[in-house]
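Chemist: Quick one: this structure, given as structure tokens, is what I'll be asking you about.
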Amino acid sequence: MTESGTFFTVLIGFLASFIPRAIMQAMPLLYGSTGEILTEKSGNLNLGIPGIMFVGAIAGVSGAFLYEHSGSAAQMNGFLAVLIPLLCCLVGSFLMGLLYCFLTVTLRANQNVTGLSMTIFGTGIAQFLGGSLIKITHAQSAGVASITITETVKYFSNGNVPGWLAYTGIVIAILVALFLRYTRAGMQLRAVGENPATADAAGINVTRYKYLATIIGSMIAGLGGLCFVMECAHGTWSEPRIDQIGWLAIALVIFTAWRPGVSIFASIMFGALLILSDHLNPPIGIKELYTLIPYVVTLLVLIIVSLRKKREDQPPQSLGLAYFREER
Amino acid sequence: MKNNNGFILPFGIHIAKRDGISAWKRWMIRSIAILIALLLCAVITILITKMNPITVLRSMFDGTFGAPRKVWKTVYYVAMLLGISLAVTPAFKMRFWNIGAEGQVLIGAFAAAACMFYAGRMPFFNDPSVSMTVKNLILFPCMLIAALAFGALWGFLPAFFKSRWNTNETLFTLMMNYVAMQIVKFMIAYREFPKLLQWSSNGTSVGTINSGFQSVGIGTFAKIADQSGTQYLFPIICIGVLTVLLFVYLKYSKHGYEIAVVGESERTASYAGIKVNRVIVRTMILSGALCGLVGFLIVAAEGTVSHDVVDGRGYTAVMVSWMSQFNPFGMIFSSLLLVFMQFGAKEVVMPDGVSLDKNFANMLMSIILFFIIGCEFFINYKVTVTRYRASFKPAIFFLIVGTVLLHIGGGLLSVFYIIPLLVIAIVLLIIGFAVWLSGLIMLIISIRRKVRIARKKHASAGLEG
Amino acid sequence: MEAVKNAVRMEGITKHFGSVIANRSINLELHEGEILSLLGENGSGKTTLMNMLSGIYYPDEGQIYIHDQPVTIKSPKDAFEYGIGMIHQHFKLVDVFTATENIILGLHEPGMLNLKRAAKKIKEISERYGFEIDPNQKVYNMSVSQKQTVEIIKVLYRGADILILDEPTAVLTPQETDKLFAVMRNMQKDGKSLIIITHKLHEVLEVSDRVAILRKGEYIGDVLTANANQQSLTDMMVGRAVSLNIDRPKSQQTAERLKVEHLTVKDVEGVKRLDDVSFTANSGEILGIAGIAGSGQRELLEAIAGLQPIEPESRIMYFDPKTGKEQLLNGMDPLKIIRSGVLLSFVPEDRFGMGLVGSMTIAQNVMLRSYRKGRSPLLDQQSPRILAEKIVNDLEVVTPNVDKIPLRRLSGGNVQKVLVGREIEQSPSVLMTAYAVRGLDINTSYTIYNLLTEQKMQGVAVIYVGEDLDVLLELCDRILVLCGGQVSGIVDARSVTKEQVGLMMTQFRKTGEPQKTANETKEAEHEEQ
């Protein structure tokens, strides 16, 4: 009786700290996959998500850094401290989305290559800027070069439980799910992704839908980058592993069969897998094997998902293809 | 297509598919795109460093070709990047999105290093009476075979699932990268703490598997000839040969032909009796094995392995391959350019001590690639301006807006240390430049039209007269 | 008599595609409340013209008037606003959507998305004109005729009063066609104006009030249906009386070459595309295959070529011309067929999707079937080039070179010549062709007919899948008629009439009876004789 009581106490104690952290870790994934679902529903396969998340993150961090260093902490205005990083992040990811759309929709470039080079581009910018910020401030704490936006991060999260950015992520995912399912525009967006020629013939402006969905999707994904820095990294920037989050987010899109609602739970599951190694405190070395789990699970998921044959679970039919009206 | 894209432009744009385009025109468009891209890169670099472009270029050159040792190293890095780019090319030609070169090289490198490591624990290799040549003759083939086998395995798995169940190969290969990385990390972590596993009793260097063994030099190229830099010679020659072989393979071999047909249309391939699934698996095994080969060369040349020994080159290789349009000889120049920028950037130190780095080089490289993939549009489609009454107004408007945008972008860049909004600045620059350029083109078109009309008038007037 | 009002007037419409002129200054009128047939051969520019009316293309020159008002139609949206609705030949439907979702797609009705309200309105429309439709059925579960119904309701739902139907009957059974015509007449009574694009003369005569004829992108003229007959329409459509005069010598040496028994093919969804098909193809003979589009012609040829999985009861036997040895082709893929020495050539329907590689040169395409020859791992580049040059010379392919220019740049006729030339150069013993002259001009078509006849006289068993019955009747020795995946008869092309074949193409569906086997049909014919 007492033994089992102790066991449950320990378990509950473990879960009480584990679950909130799993949710925190899940949110960047959720943002990323929600953004990518919206994008893919328009027929654009944006492999630039990791790069976009990187840019969103560094733009936010830069904004916050600037604001923090423009005056003393006491002078900081809570509203501005939230608004500045948020706006910077949105602008940064907006521009990335615009670049992707211009190349793939207007210039009809290959979506895979464009996406990949967007990832390299975004990662390059973010790491270079981050590195430069670090060098400017000469911030070397415990041998690891990093910068921390200590003041700003207080307005985002207290570091132990998910902050408002996390809840926003869930709300956005639900909103996107409702949008796709129940609104006229959502239906038309799905039609654009499935069969742009049909949508075009029905009088839908394919280009506009593609642009809007992809850019808004990019901005949502960019928020994921900000969320990663603020929630998971507690406002510290030192060569973050946002690219891994981005790729996992794209894998989640396939896993959830393009359903943002399902993605909420799938993200939390993957978030839990990601922090498993930190929480079980395995001996060093074994830890690396725990870190392997999310990737191996993703591989298995990819294989299992490809066995799915139901029509509704398939990707949008025109995914990855450029649309040109007078194609003959 | 009538332009109703939601863009508000002072003219209509008509886009039509081209019937064909002459070769020189195609290369003209490409060259112009690359030229504009390089100019843009130069502008960005100058604005960020605020240094004399000649100084920047000189220090970049110094960093890459400044000393014999540096030349060796540069050529070696070019060779390795070229090798990986060559390795991924057959898959891309087949339209198989293999983003897994990073993992394939790493696992190959790991396999080669593991051979060295185990050899180091065998009495035979520690026996001083056996000559070094004999040891090397035994060890090198083992390393090579292990590296090829592991690389091939990493290529085989995604291809197998792709051909069986159409599993998404892009994400599959990506995840395999992380799996390879974690495996190597895991092994290195054990290596650091021998007591936990008793995996090794040899050497205590941190972070690399074979650093203790490296000093002996078996299994590395360093001691084949005792000259600085020559450890890089063999890998360089290897990749040189590989370049030619792959060119022949893709262009003149039956396999290469099959790859091209499968890439173009799987239905045509099966009609011609080509077994599509077999070609996919075979090509990916080849692709993976070549990556493994590069991994082996890296380990043998550098004598060590760590989880970031590939250092993102698996991804940049994708860029190199696409930039050169899958031409092995074109890849030599692309990888040279990339390595030049990566190595050179490190040497560009700004007055306040901040230096450019690899990330910066990658950024510039992707800008160039954006231009290259973007300009394909002008090769495949014919763009004509319609409903455009040769008017100066919109042209001037565009020129002004473009100039303003360029100024804002430049301004943002030049206050980079205070306001690090580089992203916005760069995109503003790109957009501003595009607007400015289109303004210029519009101006030229309108002037030309006016001239033509004037000339016609003149001619008809002359006839009447 | 009241003056005729025009619903549509097109004036001086011209449209280019690259260097090809699809429409040359066309003037067309559609009166209010009439059914107008737009008649013309394949490639005469009917669909292009109508696409400009529905906003898919934009004319290079000319003016369109709707109800006598000059208008500019830049997009399908504009067309809707003028009350124009087009039902395309290739349905523009989203497969994973329901009928309702497809119908209201692109509309800006006030208020929230309300599928129930829309479904109710759809029910009303279908009752008014006599459609049968389930608004909640997904399109991927629908038959062709159901999909067409969705397309028509889509247009009516938008309140269109000018309807354009692009070859609506090409994919329909006779009953479905009758139903469609009834619906069309209902719409006409309701005051709507209709254009039906077709090249089937009896349908023109049956349904329309007036006929407008296009030929090679030009407007030839119009005629009241009451004053027209098949002969006069044909003359206008083709410009001269049709007398094909295809040379048809009789070969002396006929022997069984390919024997197909109980061939059954199911598609991915498990639907039978071919059902118990049996026939023989003889050397020195052209076996024609006739049928409505999609009756299983493609599956039949692909099954023989080893590109379709076949059901176990099927048997495909091949008799070697030299040894006479029989060989079972069941379950062989194309590679195995080549390896086992079966000389089978196949000109598929989809040139660039299957038979050729558009981005490669002629020489590289010529080696597609033969590149394996020899033990060397390297390609033999020389002999394909010589062969390519031979094909170019023999068949008069117009091309600047054989080893530089990608095939995609050549015109359709030249591409087809390359494809047919390559397949003939394999010196086959069985030559299968699917729609070998589709989209080709008369001269090229005759070149192809002559080539096939030449092959026949050399003792090749030729299988010719065609859509033009006149050609089938004059070119072939025997004709196998497919209907819904079954054989509705194998007849002697020299004695059968066009009407008989036309009847057989629809026979099964008309009677609705279980299909007679090929042998029974043959016996029935014997009895008749």
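Chemist: Would you kindly give the portion of the calculated P(r) for region C:407-498 that falls above 14 Å, as a percent of all Cα pairs?
Modeler: So the pairs more than 14 Å apart make up 68 percent of the total in region C:407-498.
Chemist: Still on this structure, I have one more. Give me the inter-chain shielding for C:353-364: mean count of other chain Cβ atoms within 10 Å, whole number please.
Modeler: 4
Chemist: In whole angstrom, note down how far apart the Cα centers of region A:52-108 and region C:365-385 are.
Modeler: 57 Å
Chemist: Averaging over every viewing direction, what projected area does the convex hull of the Cα atoms of region C:298-379 cover, in nm²?
Modeler: 6.8 nm²
Chemist: Still on this structure, please answer the following. Would you please put B:358-365, A:39-46 in order of how densely packed they are, using the mean number of other Cβ atoms within 10 angstrom per residue and starting with the highest?
Modeler: A:39-46, B:358-365
Chemist: Please report the projected area of region B:244-319's Cα convex hull averaged over all directions, in nm².
Modeler: So the Cα hull casts an average projection of 6.3 nm².
Chemist: Taking every pair of Cα atoms in region C:306-446, average 1/r, invert it to obtain the Kirkwood radius, and report Rg/Rh to two decimals.
Modeler: Answer for region C:306-446: 0.99.
Chemist: To continue, here is another question. May I ask you to list the GluC sites (Glu not before Pro) in region C:130-184 that are in a DSSP loop and have at most 16 other Cβ atoms within 10 Å of their Cβ?
Modeler: Sites meeting the loop and neighbour criteria: C:Glu132.
Chemist: Projected onto the charge dipole of region A:20-313 (+1 at Lys/Arg Cβ, -1 at Asp/Glu Cβ, origin at the Cα centre), which of A:Pro240, A:Ala191, A:Trp258 gives the Cα projection farthest towards the positive end?
Modeler: The residue sitting most towards the positive pole is A:Ala191.
Chemist: OK, next. Which value in deg cm²/dmol, rounded to the nearest 500, describes the helix-derived mean residue ellipticity at 222 nm for the protein assembly as shown, given -39,500 (n - 2.57) per DSSP H run of n ≥ 4 and division by the residue count?
Modeler: -18500 deg cm²/dmol
Chemist: Hey, another quick one. Give me the inter-chain shielding for A:93-102: mean count of other chain Cβ atoms within 10 Å, whole number please.
Modeler: 3
Chemist: A further question follows. What Kirkwood radius, in Å to one decimal, follows from the Cα pairs of chain A?
Modeler: 20.5 Å
Chemist: Let me ask something else. Would you mind checking the pairs B:Lys25/B:Lys393; B:Lys17/B:Lys450; A:Lys310/C:Lys266; C:Lys46/C:Lys216; C:Lys74/C:Lys121; B:Lys17/B:Lys393 and listing those with alpha carbons more than 21 angstrom apart?
Modeler: B:Lys25/B:Lys393; B:Lys17/B:Lys450; C:Lys74/C:Lys121; B:Lys17/B:Lys393
Chemist: Can you give the average number of partner chain beta-carbon atoms within 10 Å of each beta-carbon in peptide B:158-165, as a whole number?
Modeler: Mean inter-chain Cβ contacts per residue within 10 Å come to 2.
Chemist: Return the whole-Å distance between the Cα centroid of region A:283-311 and the Cα centroid of region A:187-235.
Modeler: Rounded to whole Å, the Cα centres lie 27 Å apart.
Chemist: So what's the convex hull volume per residue for the Cα atoms of region C:361-426, in Å³?
Modeler: Output value, Cα hull per residue: 75 Å³.
Chemist: Could I ask something else about it? How many percent of all Cα-Cα pairs in region C:430-469 sit more than 15 Å apart?
Modeler: The answer is 39 percent, as a whole percent.
Chemist: Can I ask one more? Mind checking which aspartates and glutamates have their C-alpha under 17 Å from C:Lys417, skipping anything on the same chain fewer than 8 residues away?
Modeler: C:Glu349, C:Asp350, C:Glu389, C:Asp394, C:Glu396, C:Asp403, C:Glu425, C:Asp441, C:Glu454
Chemist: Let me ask something additional. Please name whichever of A:Tyr155, A:Ile37, A:Ser132 sits farthest to the positive end of the charge dipole of chain A, dipole taken about the Cα centre and charges placed at Cβ: Lys and Arg +1, Asp and Glu -1.
Modeler: Working it through, the farthest residue towards the positive pole turns out to be A:Ile37.
Chemist: Per 10 Å bin, what is the whole-percent P(r) computed from every C-alpha pair distance within chain C?
Modeler: All Cα pairs, binned at 10 Å, distribute as 3, 16, 25, 25, 19, 9, 2, 0, 0 percent.
Chemist: Whole Å is fine, so just give me how far the alpha carbon centre of region B:258-337 lies from that of region B:99-178.
Modeler: Cα centres, region B:258-337 to region B:99-178: 16 Å.
Chemist: For C:Lys325, which lysines qualify as cross-link partners when the Cα separation must be under 22 Å and same-chain residues fewer than eight apart are set aside?
Modeler: Within reach: C:Lys259, C:Lys336, C:Lys456.
Chemist: In the structure shown, do any of C:Lys154/C:Lys189; B:Lys135/B:Lys346; C:Lys15/C:Lys138; A:Lys41/C:Lys192 have a Cα-Cα gap over 29 Å, and if so which?
Modeler: Exceeds cut-off: B:Lys135/B:Lys346; C:Lys15/C:Lys138; A:Lys41/C:Lys192.
Chemist: Rounded to the nearest 20 debye, what is the charge dipole size of region A:20-313 about its Cα centre when +1 sits on each Lys and Arg Cβ and -1 on each Asp and Glu Cβ?
Modeler: 700 debye
Chemist: State to the nearest 20 debye the size of the charge dipole of chain C about its Cα centre, where the only charges are +1 on K and R beta carbons and -1 on D and E beta carbons.
Modeler: 1440 debye
Chemist: Just want to confirm a number: the relative contact order over region A:20-313, from Cα pairs under 8 angstrom separated by 6+ residues, in percent.
Modeler: That works out to 39 percent.
Chemist: Which whole-percent values make up P(r) of region C:178-217 when all C-alpha to C-alpha distances are grouped in 10 Å steps starting at zero?
Modeler: Values per bin, smallest distances first: 25, 56, 17, 2.
Chemist: Suppose we look only past 65 Å in the calculated P(r) of the protein assembly as shown. What percent of the Cα-Cα pairs does that tail hold?
Modeler: Of the Cα pairs, 16 percent sit more than 65 Å apart.
Chemist: Here is a follow-up. Compute for region A:174-328: radius of gyration divided by Kirkwood radius, i.e. Rg/Rh, restricted to C-alpha atoms, rounded to two decimals.
Modeler: Looking at region A:174-328, the ratio lands at 1.04.
Chemist: Restricting to Cα pairs below 8 Å that are 6+ residues apart, what does the relative contact order work out to for chain C? Please round to a whole percent.
Modeler: Relative CO of chain C lands at 14 percent.
Chemist: Also, I was wondering about something else. Based on the Kirkwood radius over alpha-carbon pairs, what is the Stokes-Einstein translational diffusion coefficient of region C:252-308 at 37 °C with 0.692 mPa s viscosity, in µm²/s?
Modeler: My calculation gives 265 µm²/s for D.
FYI, it's all coordinate maths here, none of it is from the lab. Small disclaimer: the values here were computed from a predicted structure and weren't measured. Quick reminder, even Gly has a Cβ in these numbers, built from the backbone with ideal geometry, and neighbours come from all protein chains shown.
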